[in-house]
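Step one of this worksheet: look at the structure below.
The values are calculated or read from the model by the stated rules, or taken from the named source; none is laboratory data. Worth saying up front: this structure is predicted, and the values here are computed from it rather than measured. Because the Cβ atoms are built from the backbone with ideal geometry, glycine has one as well, and the counts that use them run over all protein chains shown.
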Amino acid sequence: MGYETGLVFFLGMITALLLYNLVQWSLYRERIYILYTLYMLVWLGYFPLRSVEYLPDNTAHFIRIIGPMVAYFVYYDFTIAFLNLREYRPTLLRLFRTVQAGLVAYVLVEVVFCFLTDYWQLPIHEIIHTIVRGGLAILSGYIVMTIYQRKDPVRRFFITGSALLVLGALIAMILTMVLPADGPDFFWRAPLTYLQIGIVLELVFFSTGLAYRHRRDILKKALFEQALTRERKQRQRDYSEAKQVVELLQQEVDEMHMRALQAQISPHFLFNSLNSLSALIADEPSQAELFVDELSSVYRYVLQANDRELTSLAMEMKFINSYYHLLKTRYGQGISLKVSIDDTYQDYLLPPLTLQLLIENAVKHNVVSPASPLTIQIFTNSNGLLIVRNNLQRKGTNRLTSTKKGLQNINMKYRLLNQSPIDIYEADNAFDVIVTLISSTAQVSL
């Protein structure tokens, strides 16, 4: 097989690698594929141009010399991008840029020699070109030895390909000087055949290295995304657990706060009851024993209420009836209670002792006497609200200093239960307190 036939095979292999590279370029859109494509195009154009007949001697000589120099120039840019020399080896990057500048200068000198003078015909010109090619080969060997020390498969692929190119170029240069120019036209005797073999092997290793690099990058990206997903899920789990802990702690705080509020009611109620009993003993001793019995019944409910956050309206009203009997024993005709509650709301809920505090508040701040009776009304409206109303007849001076703890405690309980606080309306002759009733459905969420 002659050299021309071998050249066809060489160009076919380069074209196949070029097409493969174009597919990779369309997939990844990286600058390195542009440089790689340009590098292959230089070789694809160089060898056919060298085979063109009837070119002027100086032009053919110029193409023979400049083609590899242009390929080297692109090769250095490709190497910088492939090996990421800007971060990996800045000193090697500076060396590459210096060599590229030298190649540009050498090409300009060859333009002058080949097209503006006849120096290209002198023997010294060929010696200079041999020295330049030898220098590039030595530099390539230095690069191979420097980078091959890194145990990185991608760099090993690249450097192995570069070493094979250098080896092919050296064999071609030696055969050019040893073999006669007019020898038999066998492909294995043609010096360019070994350069072409080196180029093909180099490009195969380059393509393999690029494919390996992309596979490794994709694997790293997948592992990173998996780790990121695991970390995101772990953070979500940590957040959910922390949120549950915070909610549990908040529940405990709310429960402790509720217990504290209920504990405030017991001594407050006992203090007022003892004051009432004290007044009753002094004014009507005969009613004291009955009062004590009723008081024990009432206080039993108070103690039970301290263990509950909510009670039904029916149970609260049963307690209020007992409590009203105590007030009635003390004040007689000075107080009256009117109740009008729709049966629909008997099972609705409210904090225990809410109504007792409101009635106590009305008695505490208003005149209660047969001449000016205090009328207390407890009723529901069409909106499902419970209203406690008393006629206004304020005392001029209070025996007991108001602490306003009653209304504050009720509001605090409703706030802890995530319910609307009580509303207070005062007119010229009436004082209304509107209490929200909690349905049994809402109790589930509480």
Query raised in the report: Can Ala314 be described as surrounded by 12 or more Cβ atoms within 10 Å (Cβ to Cβ), modelled with pLDDT of 80 or more and among the aliphatic types (A, V, I, L, M)?
Result: yes
Requested in this report: All but one of (1) surrounded by 15 or more Cβ atoms within 10 Å (Cβ to Cβ); (2) part of a loop (DSSP other than H, G, I, E, B) hold for Lys151, so report the exception by its number.
Outcome: (1)
Requested in this report: Could you tell me which residue of the range 400-410 is modelled with the lowest pLDDT, considering only residues that are surrounded by 10 or more Cβ atoms within 10 Å (Cβ to Cβ) and farther than 10 Å from Thr354 by Cα?
Outcome: Leu400
Requested in this report: Select, from Ile147, Ile124, Ile138, Ile143, the only residue that is at pLDDT 85 or above and assigned by TED's automatic domain parsing to the domain that holds Arg31.
Outcome: Ile124
Requested in this report: Pull up the range 292-310, narrow it to residues that are under 22 Å from Thr354 (Cα atoms) and in contact with a Leu (Cβ under 8 Å, 6 or more places away or on another chain), then point me to the one that is modelled with the lowest pLDDT.
Outcome: Ala305
Report summary line: How many residues of the range 19-72 are loosely packed, with under 14 Cβ neighbours inside 10 Å, among the polar types (S, T, N, Q) and within 20 Å of Val8 (Cα to Cα)? The answer is 1
Query raised in the report: Here are some conditions: (1) surrounded by fewer than 17 Cβ atoms within 10 Å (Cβ to Cβ); (2) assigned to a loop (DSSP other than H, G, I, E, B); (3) touching a strand residue (DSSP E or B) at 6+ places or on another chain (Cβ under 9 Å). Pro370 meets all but one. Which one does it not meet?
Result: (3)
Query raised in the report: Does the range 344-363 include one or more residues that are without any contact (Cβ under 8 Å) to a residue 60 or more places away in the chain and loosely packed, with under 15 Cβ neighbours inside 10 Å?
Result: yes
**Report entry** Among the candidates Phe47, Phe9, Phe96, residue that is touching a residue at least 40 places away in the same chain (Cβ under 8 Å) and in a helix (DSSP H, G or I)
**Finding:** Phe47
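Looking at Ile34, Ile80, Ile63 in this structure, which one is in a helix (DSSP H, G or I), over 27 Å from Thr160 (Cβ atoms), assigned by TED's automatic domain parsing to the domain that holds Met177 and not aromatic (Phe, Trp, Tyr)? Walk me through how you get there before you give the answer.
Numbers: Ile34 fails: over 27 Å from Thr160 (Cβ atoms); Ile80 fails: over 27 Å from Thr160 (Cβ atoms).
Within the list Ile34, Ile80, Ile63, the selection yields Ile63.
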Query - Positions within the range 329-343 being over 29 Å from Arg415 (Cβ atoms) and either surrounded by 14 or more Cβ atoms within 10 Å (Cβ to Cβ) or not assigned by TED's automatic domain parsing to the domain that holds Arg300 (or both), in sequence order - result: Thr329, Arg330, Tyr331, Gly332, Gly334, Ile335, Ser336
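Take Leu201 and decide whether it is in a helix (DSSP H, G or I), modelled with pLDDT of 80 or more and buried (at least 16 other Cβ atoms within 10 Å of the Cβ).
Details: in a helix (DSSP H, G or I): yes; modelled with pLDDT of 80 or more: yes; buried (at least 16 other Cβ atoms within 10 Å of the Cβ): yes.
Spelling it out, Leu201 is indeed in a helix (DSSP H, G or I), modelled with pLDDT of 80 or more and buried (at least 16 other Cβ atoms within 10 Å of the Cβ).
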Report summary line: Going through the range 110-137 in order, the residues found to be closer than 22 Å to Pro56 by Cα, part of a helix (DSSP H, G or I) and charged (D, E, K, R) are Glu110, Glu126
Query raised in the report: Only one of (1) hydroxyl-bearing (Ser, Thr, Tyr); (2) surrounded by fewer than 17 Cβ atoms within 10 Å (Cβ to Cβ); (3) in contact with a helix residue (DSSP H, G or I) (Cβ under 9 Å, 6 or more places away or on another chain); (4) more than 27 Å from Pro153 (Cβ to Cβ) is not met by Thr98, so which one is it?
Result: (3)
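Without any contact (Cβ under 8 Å) to a residue 40 or more places away in the chain, part of a helix (DSSP H, G or I) and either over 57 Å from the mean Cα position of the chain (by Cα) or assigned by TED's automatic domain parsing to the domain that holds Ser297 (or both), is that true of Asn383? Before the answer, list the steps.
On the way: without any contact (Cβ under 8 Å) to a residue 40 or more places away in the chain: yes; part of a helix (DSSP H, G or I): no; either over 57 Å from the mean Cα position of the chain (by Cα) or assigned by TED's automatic domain parsing to the domain that holds Ser297 (or both): yes.
So Asn383 does not fit the description; no.
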